[in-house]
Amino acid sequence: MSYGDDIDTYELNELRDTEVAKTLRKERVVFLDDTVGDRLALEISKLFLVFATSKKRVTLYINSPGGSVPSMFRIINMMESARFPITTVGCGWVCSAALDIFITGDTRLLWPNSTLLSHQSQDFADGKVEDVEQAAKEMRRVEARILDHYERHTALTREEITKYLMPEHDIYVSPEEALLFGMCDRIIEPTKNRKKLVRTKKLQAFLARSARKGK
């Protein structure tokens, strides 16, 4: 492939990305598909400001391993102050900070193969004793804010949240459990249901031969 072909391919991909971005903005669709951090929070905040000219629903698709607590609360603040309804859709990893964002939606949907992960916020501080003490104090304050958030957006009490969602270890939550806990409103059912394939004679013969060899 020549150098010129590389340039043409690059420009074509850029054009495609631009067209996709225009379509998503027109349909009021946002993807949270990365670690939650300052850059991602800024981009989502900008889009929410653009969408503020209309009260039509915005759909936020979430697939994220989590990330920064301050960035998480920045996105949550934007969502809770928005004048338009927001549907959150968990479509892969919905972990840690991403889970807090997910439950903030006015309507919360989960794909059946989504993976939800919850735990206590994690941080590390070193230095002078006074600095460590202040960091520990701030961590307790953040934990209380996250507990408040879960209490507002789930059907669980603070004691139940601590037990089932914020123990001292990672806790995985199934979509069915999330529905039970009041963390989501509906599990999306697949529109395509493949029928169970019929076992052919060739398959049965192959399995029989494999079983004989394994003895």
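Overview of results
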{"item": "Verdict on TRP111 being of a type in the set (A, V, I, L, M, F, W, C) and over 22 Å from LEU147 (Cα atoms)", "result": "yes"}
{"item": "Residues within the stretch 74-94 that are at pLDDT below 95, within 14 Å of the chain's Cα centre (by Cα) and either over 15 Å from SER118 (Cα atoms) or of a type in the set (S, T, N, Q) (or both), tallied", "result": "1"}
{"item": "Matching residues in the stretch 95-113 - criterion: being hydroxyl-bearing (Ser, Thr, Tyr), assigned to a loop (DSSP other than H, G, I, E, B) and modelled with pLDDT of 95 or more", "result": "THR104"}
{"item": "Search result, residues across the stretch 52-73 that are of a type in the set (S, T, N, Q) and either in contact with a Pro (Cβ under 7 Å, 6 or more places away or on another chain) or outside any helix (DSSP H, G or I) (or both)", "result": "THR53, SER54, THR59, ASN63, SER64, SER68"}
{"item": "Test result for LEU47, at pLDDT 95 or above and surrounded by 14 or more Cβ atoms within 10 Å (Cβ to Cβ)", "result": "no"}
{"item": "Matching entry among GLN122, GLN134 (being part of a loop (DSSP other than H, G, I, E, B) and modelled with pLDDT under 90)", "result": "GLN122"}
{"item": "Residues that are modelled with pLDDT under 85 and surrounded by 10 or more Cβ atoms within 10 Å (Cβ to Cβ), drawn from the stretch 184-201", "result": "none"}
{"item": "Cross-chain or 6+ apart pairs with Cβ under 9 Å, the stretch 170-182 first and on the phi > 0 side of the Ramachandran plot, then loosely packed, with under 14 Cβ neighbours inside 10 Å and part of a loop (DSSP other than H, G, I, E, B)", "result": "GLY182/ALA155"}
{"item": "Qualifying positions in the stretch 165-215 - part of a helix (DSSP H, G or I) and charged (D, E, K, R)", "result": "GLU176, GLU177, LYS201, LYS202, ARG209, ARG212, LYS213"}
{"item": "Yes/no for ILE76 being part of a strand (DSSP E or B), in contact with a Ser or Thr (Cβ under 9 Å, 6 or more places away or on another chain), touching a residue at least 40 places away in the same chain (Cβ under 8 Å) and crowded, with 16+ Cβ neighbours inside 10 Å", "result": "no"}
{"item": "From MET166, MET139, residue being touching an Asp or Glu at 6+ places or on another chain (Cβ under 6 Å) and at pLDDT below 90", "result": "MET139"}
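The values are calculated or read from the model by the stated rules, or taken from the named source; none is laboratory data. Please read these numbers as outputs of a predicted model, since none were measured by experiment. All Cβ positions, even for glycine, are placed from backbone atoms using ideal geometry, and neighbour counts span all protein chains on display.
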